[in-house]
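*Asks:* Can you read through this structure? Questions will come right after.
The values are calculated or read from the model by the stated rules, or taken from the named source; none is laboratory data. Only a predicted model underlies this, so the values are computations on that prediction, with no experimental measurement involved. Quick reminder, even Gly has a Cβ in these numbers, built from the backbone with ideal geometry, and neighbours come from all protein chains shown.
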Amino acid sequence: MKAKREVSSTEIFFLKSGFLASALVIVMLLFVVSVVPVSAAEHQVSEGMTSNSDSNITSTPESIGSGMCFKRPFGIAVEADGQLVLTDLVLDAVVRVDPVSGNRSIVSDNSTGSGTCFKRPVGITVEADGSLVVVDKDLKAVVRVDPVSGNRSILSDNSTGSGTCFKDLRGIAVEADGNLVVVDKDLEAVVRIDPVSGNRSILSDNSTGSGTCFKEPRGIAVEADGSLIVVAEDLAAVVRVDPVSG
C-alpha cells in the first residue's frame with residue numbers, strides 16, 4: 001500500500017498561482033470582448049446607408065445616377081416617353097427617374113408645385129393625357145398631379161365625390177376607359193373611381209362578386225383584356241378579378 005504523499009507548501013503556492021493566472025486570463029478575455037467594438041460591417045448597416053427604425057427598411061446610397069436621394073421609394077409607373085415616376089413615402093414626393101442614366105428629379109412634393117400636401121403617397125399611375133395620379137394612404141385620398149408643374153389637386157377623397165369611403169388605400173391603376181381602380185387594404189376591396197366626378201363604387205370585395213376572398217390587397221394592375229390583377233399579401237396570392245361581375 002502506497003504511503004500518502006504530502007503536498008509541500010511550495011507546491012501549494014504554485015497550484016494557487018496557476019489557478020489565479022487562469023482566472024486572470026479569463027477575466028481579461030471577457031473584458032476585451034465587452035469593450036472592443038464589433039467589426040465595421042456589424043457595427044454599422046454600411047457606410048453611407050440609412051435605416052428606418054419604424055419599418056426595418058434599409059436604403060443604400062444612390063451610386064447610380066445623380067439627383068435627390070431616395071429614402072423609401074414605394075409605388076412606380078411608366079410615362080408615355082419611358083420615364084419612370086415613383087412615390088417616396090418618406091420624402092412625401094413623386095420622383096422622376098431617367099431609365100437610362102438613373103438620374104432623379106422631384107416632380108412634386110410639398111415644396112414643389114402647389115395644392116394639397118402629400119402625407120404618405122404610396123401607389124401611382126399615369127393617365128392617358130400624362131397626368132399622374134397618386135394614392136395617399138394618410139390623406140385617404142386620390143391626388144392628381146400635373147407632370148410638368150407638380151401641382152396637386154384632390155381627385156377623390158371621403159369629402160370629394162360620393163360613394164364608398166376610403167380607409168387604407170394602397171395600389172392604383174387606370175382602366176382602358178379612363179376609370180381608376182384602387183385597392184383598399186382595410187376595406188379588402190377593389191374600388192372604381194370616376195376620374196371626373198371622383199365618385200366611388202365597390203367593384204369587388206368579400207361580399208361583391210364570388211370566389212377567393214381578399215386579405216390585405218396591396219397592388220393592382222389591368223390586363224390587356226380589361227381583367228384586373230390584384231396582389232393579396234396575406235393570401236400570398238395574385239388574384240384575377242372580373243371587371244364587370246367582380
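*Asks:* Kindly indicate the residue of the stretch 234-246 that is surrounded by 14 or more Cβ atoms within 10 Å (Cβ to Cβ) and not in a strand (DSSP E or B) and also nearest to the chain's Cα centre (by Cα) among those meeting that condition.
*Replies:* By that ranking, first place goes to 235.
*Asks:* Which residue pairs have Cβ atoms under 6 Å apart, sit 6 or more places apart or on different chains, and have a first residue in the stretch 173-198 that is assigned by the TED database to the domain that holds residue 232 and within 18 Å of residue 229 (Cβ to Cβ) and a second that is of a type in the set (Ser, Thr, Tyr) and assigned to a loop (DSSP other than H, G, I, E, B)?
*Replies:* 191/164
*Asks:* Regarding the stretch 163-178, can at least one residue be identified that is among the charged types (D, E, K, R), touching a Ser or Thr at 6+ places or on another chain (Cβ under 7 Å) and at pLDDT 95 or above?
*Replies:* For the stretch 163-178, residues among the charged types (D, E, K, R), touching a Ser or Thr at 6+ places or on another chain (Cβ under 7 Å) and at pLDDT 95 or above: absent.
*Asks:* Could you figure out which of (1) free of Cβ contacts under 8 Å to residues at least 24 places away in the same chain; (2) assigned to a loop (DSSP other than H, G, I, E, B) isn't true of residue 101?
*Replies:* With (1) free of Cβ contacts under 8 Å to residues at least 24 places away in the same chain; (2) assigned to a loop (DSSP other than H, G, I, E, B) applied to residue 101, the lone miss is (1).
*Asks:* Let me ask you something else. From the list 90, 25, 94, which residue is modelled with pLDDT of 50 or more and not in a loop (DSSP other than H, G, I, E, B)?
*Replies:* 94
*Asks:* Given the criterion outside any loop (DSSP other than H, G, I, E, B) and at pLDDT 95 or above, identify the matching residue among 148, 133.
*Replies:* It is 133.
*Asks:* While we're here: From the list 143, 148, which residue is without any contact (Cβ under 8 Å) to a residue 12 or more places away in the chain and assigned by the TED database to the domain that holds residue 122?
*Replies:* 148
*Asks:* So which residues in the stretch 103-127 are of a type outside the set (S, T, N, Q), more than 19 Å from the chain's Cα centre (by Cα) and under 20 Å from residue 193 (Cα atoms), if there are any at all?
*Replies:* Of everything in the stretch 103-127, those that are of a type outside the set (S, T, N, Q), more than 19 Å from the chain's Cα centre (by Cα) and under 20 Å from residue 193 (Cα atoms) turn out to be 126, 127.
Per-residue answers, yes or no, for (1) over 24 Å from residue 126 (Cβ atoms); (2) part of a loop (DSSP other than H, G, I, E, B):
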{"position": "172", "(1), (2)": "no, no"}
{"position": "190", "(1), (2)": "no, no"}
{"position": "196", "(1), (2)": "no, yes"}
{"position": "215", "(1), (2)": "yes, yes"}
{"position": "221", "(1), (2)": "no, no"}
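*Asks:* Going through 167, 185 one at a time, which residue ends up being surrounded by fewer than 17 Cβ atoms within 10 Å (Cβ to Cβ), over 18 Å from residue 77 (Cα atoms) and basic (Lys, Arg)?
*Replies:* Every option except 167 fails the conditions.
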